[in-house]
Amino acid sequence: MRHALARAARSGSPYARAATLGTALLLLWLCLPGRSPGMRQAVSSASFVAAPAIGAWRCRAASRRADAWSRTWLLLTVALTVWAFGSALWIVEGLALPGPAPFPSPADAAWLLFPVLAILALLALPSMPRRRTPAARLLLDGISATAAMLVLARLGPLDEAAGRDLHGLGRWVVTAYPVLDVLAGSVVLVVLDRLRARLDDPGTLVALALALICGSDLTYALLSAHGHWQAGMPLDVGWTAAFLLIGYAAGRPAPAPRAAPPTQHHQLPVVPAALAVGALLVTGRLSHGLEPLLLVLVGVLAAALATREYLLTAENRALHESLELRVAVRTAELHEAREVYRRRAYTDPLTGLANRDAFNETLAAACTTPDQRYVGVVLLDLDGFKQVNDGFGHESGDEVLIAVADRLRACLRRTDTEQYDVTRLGGDEFACLLRGLDGPEDADRVAERLLHAMRASIIVGGREFFLGASAGVSVARTPTDRPPGELLREADTAMYVAKDEGGNRFRTFDRRMHSRVVERVALEADLHRALADGDITVHYQPIFDLTARRVVGLEALARWAHAERGWVSPVDFIPVAERTGLILELERQVLEQVCDQMVSWRRLVPDLKAGVNFSARHLRDPGVVGSVLECLSRHELPAGMLVAEVTESLFFADEDVVSTVLHALHDAGVVLALDDFGTGYSSLSRLSQHPFQVLKVDRSFLAEVGVGSTPPTILLATLAIARGLGLDVVAEGVETEAQLEFLQQQGCPFAQGFLLGRPVPADQVEALLLLTPVP
């Protein structure tokens, strides 16, 4: 307790420092020799009134906080007030009455009421259990602890009290003091076992203070029974310190509510029972027979412990059953979650159709069916879906895909067990699995029915779309030893044939189609070799300043002269390069050739710029910025001579990555140009989000010039927007004099096209640059 008060003093509270100092001074004064018994008794009696009065004042202040602790502090206020009143009454009796104070007196009634009220205050703590079962165990713990401690007291203080020569009410009062102290000590023991809180917790401090009072009372009883006690002994400091400690606890902030701890087996109340049995054995009471009082106490102790263990067993059984139920519920939840995960893993999240994994699994099972019938695959790819995405946005595109999925579901014959007949493989590509066919012609009829359904219009957001589809069909007899993936590849090949033939039709795979695949593979191999051997060259189309009538820029265009095929069109080899990833090496070689040529051309035209097309795949390459700047630095060219031309379509995948690269190039000084402006989706938003400096208007807008009397309003609006944003405009596809005249009238600064100049090899560019002014 001395350590608790010392810690309280170190906490910095003025009350704690004053209480610690006062207790220390009282102890020192009582221990000093040479003090008369009357003076000692007077000082001790004064502390018995002042200390509980101070504690009561602090508890009353705490009870006004109107929180969960208010009942505890109010009960302690009454208890301490009662004690202080009893002490004051005892002092008055000693001064007013001649001779020794009477026993028992009204002061004894007040002192005996104190432990009762203190016990009620402890039981009113917010952390005490309120539910039936924990409260019952708490009661049994209190009964067993009380019975055990009464046994110990009967062998000590109670035995001494019984031996005193008192009769009537005096005998009952003498006996009540140790009994109530034992009861209070038992409650303190049980409460501390339940709290298990820190030492500075208010509830713990109150329990320790009550324990100190009980200990002081029992020590007083033993000393008084043997005639060794006199007023003003240092023992009196125990009561004073306890009352001041209660006052300190009242000033502590209420602890935050804590979640109820899991069920615990509190064994601390069993300790007094063990001590009681040990004391009975040591004193020999068990061997000589128990007196009625001890017999009753031992019986109560045994009954309380037995009932306590029964409740613990029942509670453990209920807990075990609860855990089993929770495990069963959790197992069911996990099973359900696994099924949900399986459905999600095998389902396309947009359309609700099966996905590629589900299709492959079901196709493999269908190919091994030993029914000697046919299994077929119809692979469909929507015609014109890219225009929906580019022109109206991905949300409209998604709505179209959902409508297509619903139409395919309604069209395709299904059975209850065939769950994955319709599949979305990805993008706008769908696959239909046909099982139990009587012949290959059945697959053709299904494909024709599907295409007929796809020719009907699709209405999304008030807009009507006519898409159509291209389909490929592949059929095999079951069971087949061919890999299931081969059926899908054959249908894919047939579908591309149908698309190459104009779309909106289906084709059934045959071996002749295989040659086309071989041709495509051969073209890929030739492109690999052409890049390795440096056969890709660059032609340059001039860009004219229409005001100064001179060449101010060049657009670099890749060209491939094949030794056997002749000139291979970019329309043929650029898609191959993008599909195979060779586009990265191709654009690197183009940039290298452009930088090498620009070293000499910029001596003729210092402000000459060269435009190089960058694909989406190239801009998603993490090393693109470093490689571009390294190439410019190696040729000692300023970054401003390079115009990086990009199209809006590249933003539809990984826009955040592409945007980061564009800003990095812009920060390095590279000029950014948005090519084919107006043909993609959300063109204006791209201009505001990214640091473009040049706008290249698509040739399709110039086609309206000179046709009829309607002015090309979209082109006029585009020119106005560019002026407002401070962008340079390059009109592409100038092929007629009327188009050129219109651009000059509208103040378009730059243009390119076959009328002004066709793409030429590098050796013809110098002559073009020297022709100033140009026609």
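The values are calculated or read from the model by the stated rules, or taken from the named source; none is laboratory data. Owing to the predicted nature of the structure, the values given are computational and were not obtained by experimental measurement. As a convention, Cβ positions derive from the backbone with ideal geometry for all residues, glycine included, and neighbour counts pool all protein chains shown. Heavy atoms of the whole protein, side chains included, go into the accessibility calculation; ligands, DNA and RNA do not. Shrake-Rupley method; radii C 1.70, N 1.55, O 1.52, S 1.80 Å.
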Residue that is modelled with the highest pLDDT, among those in region 656-681 that are farther than 23 Å from GLN752 by Cβ and crowded, with 17+ Cβ neighbours inside 10 Å: VAL661
Within region 632-655, how many residues are closer than 17 Å to ALA556 by Cα, touching a strand residue (DSSP E or B) at 6+ places or on another chain (Cβ under 9 Å) and either part of a helix (DSSP H, G or I) or modelled with pLDDT of 90 or more (or both)? 8
Cross-chain or 6+ apart pairs with Cβ under 7 Å, region 418-429 first and at pLDDT 90 or above and in a strand (DSSP E or B), then polar (S, T, N, Q) and open to solvent by less than 40 Å² (accessible area, probe 1.4 Å): THR423/ASN355; ARG424/THR351; ARG424/ASN355
Inspect all residues belonging to region 447-459 and state whether any of them is more than 25 Å from ALA366 (Cβ to Cβ), in a strand (DSSP E or B) and open to solvent by less than 20 Å² (accessible area, probe 1.4 Å). yes
Checking PRO349 against (1) part of a loop (DSSP other than H, G, I, E, B); (2) modelled with pLDDT under 85, the condition it does not meet: (2)
Qualifying positions in region 723-775 - under 17 Å from ARG550 (Cβ atoms), open to solvent by 20 Å² or more (accessible area, probe 1.4 Å), part of a helix (DSSP H, G or I) and touching a helix residue (DSSP H, G or I) at 6+ places or on another chain (Cβ under 9 Å): GLU766, LEU770
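Results for (1) modelled with pLDDT of 90 or more; (2) closer than 26 Å to GLN752 by Cα; (3) part of a helix (DSSP H, G or I), shown as yes or no for each residue.
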position	(1), (2), (3)
VAL538	yes, yes, no
PRO542	yes, yes, no
THR547	no, yes, no
LEU554	yes, yes, no
TRP560	yes, yes, no
VAL571	no, yes, yes
ILE574	no, yes, yes
Restricting to region 624-642, name every residue that is open to solvent by less than 20 Å² (accessible area, probe 1.4 Å) and under 43 Å from the mean Cα position of the chain (by Cα). VAL624, VAL628
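Report yes if GLU592 is part of a helix (DSSP H, G or I) and either among the acidic types (Asp, Glu) or surrounded by fewer than 16 Cβ atoms within 10 Å (Cβ to Cβ) (or both), otherwise no. Reasoning before the result, please.
Details: part of a helix (DSSP H, G or I): yes; either among the acidic types (Asp, Glu) or surrounded by fewer than 16 Cβ atoms within 10 Å (Cβ to Cβ) (or both): yes.
Answer is yes for this residue.
Collect the residues in region 460-477 that are among the small types (Gly, Ala, Ser) and assigned to a strand (DSSP E or B), keeping them in residue-number order. First the steps, then the outcome.
Step one: filter region 460-477 for residues among the small types (Gly, Ala, Ser), giving 461-462, 468-472, 474, 476.
Answer for region 460-477, where residues must be among the small types (Gly, Ala, Ser) and assigned to a strand (DSSP E or B): ALA469, SER470, ALA471, GLY472, SER474, ALA476.
With the structure loaded, tell me whether LEU715 is in a helix (DSSP H, G or I), in contact (Cβ under 8 Å) with a residue 40 or more places away in the chain and open to solvent by less than 20 Å² (accessible area, probe 1.4 Å) or whether it fails that test.
Numbers: in a helix (DSSP H, G or I): yes; in contact (Cβ under 8 Å) with a residue 40 or more places away in the chain: no; open to solvent by less than 20 Å² (accessible area, probe 1.4 Å): yes.
Judged against the criteria, LEU715 is not a match.
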Condition met for THR480 (hydroxyl-bearing (Ser, Thr, Tyr), under 51 Å from the mean Cα position of the chain (by Cα) and surrounded by fewer than 21 Cβ atoms within 10 Å (Cβ to Cβ)): yes
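Do the conditions hold for SER470, that is, is it buried (at least 20 other Cβ atoms within 10 Å of the Cβ) and of a type outside the set (Phe, Trp, Tyr)?
On the way: buried (at least 20 other Cβ atoms within 10 Å of the Cβ): yes; of a type outside the set (Phe, Trp, Tyr): yes.
Yes; evaluated as a whole, the condition is true for this residue.
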Condition (residue is open to solvent by 20 Å² or more (accessible area, probe 1.4 Å) and closer than 19 Å to ASN355 by Cβ) applied to region 374-386: is it met by at least one residue? yes
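Taking region 419-438 only, how many residues are of a type in the set (Lys, Arg) and open to solvent by less than 20 Å² (accessible area, probe 1.4 Å)?
Kept after step one, since they are of a type in the set (Lys, Arg), are these residues of region 419-438: 424, 435.
Now drop any that are not open to solvent by less than 20 Å² (accessible area, probe 1.4 Å), which leaves none.
Residues meeting the conditions: 0.
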Conditions (1) out of contact with any Pro (no Cβ under 9 Å at 6 or more places or on another chain); (2) within 12 Å of GLY376 (Cβ to Cβ); (3) among the β-branched types (Val, Ile, Thr); number of the one not met by THR423: (2)
Between a residue in region 43-60 that is farther than 14 Å from ALA19 by Cβ and in contact (Cβ under 8 Å) with a residue 40 or more places away in the chain and any residue that is open to solvent by less than 20 Å² (accessible area, probe 1.4 Å) and not in a helix (DSSP H, G or I), which pairs come within a Cβ distance under 9 Å, given they are 6 or more apart or on different chains? VAL43/GLY232; SER44/GLY232; SER45/GLY232
Going through ASP438, ASP444, ASP481, ASP492 one at a time, which residue ends up being of a type in the set (Asp, Glu) and within 30 Å of GLU399 (Cβ to Cβ)? ASP492
State which residue is farthest from the chain's Cα centre (by Cα) when the search covers only region 601-613 and only residues that are modelled with pLDDT of 90 or more and open to solvent by less than 30 Å² (accessible area, probe 1.4 Å). TRP601
Mind telling me which of the residues ALA314, ALA365 ends up being free of Cβ contacts under 8 Å to residues at least 12 places away in the same chain, under 30 Å from GLU441 (Cα atoms) and surrounded by 11 or more Cβ atoms within 10 Å (Cβ to Cβ)? ALA365
Among the residues that make up region 393-414, is at least one of them open to solvent by 20 Å² or more (accessible area, probe 1.4 Å), not aliphatic (A, V, I, L, M) and not in a helix (DSSP H, G or I)? yes
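Quick check on my filter: what residues within region 656-674 are without any contact (Cβ under 8 Å) to a residue 24 or more places away in the chain and either among the acidic types (Asp, Glu) or part of a strand (DSSP E or B) (or both)? Outline the logic, then answer.
From region 656-674, those without any contact (Cβ under 8 Å) to a residue 24 or more places away in the chain are 656, 660, 667; that's our starting set.
Matches in region 656-674: ASP656, ASP667.
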Being within 46 Å of the chain's Cα centre (by Cα) and of a type in the set (Gly, Ala, Ser) is the filter; apply it to region 484-506 and report the residue that is surrounded by the most Cβ atoms within 10 Å (Cβ to Cβ). ALA491
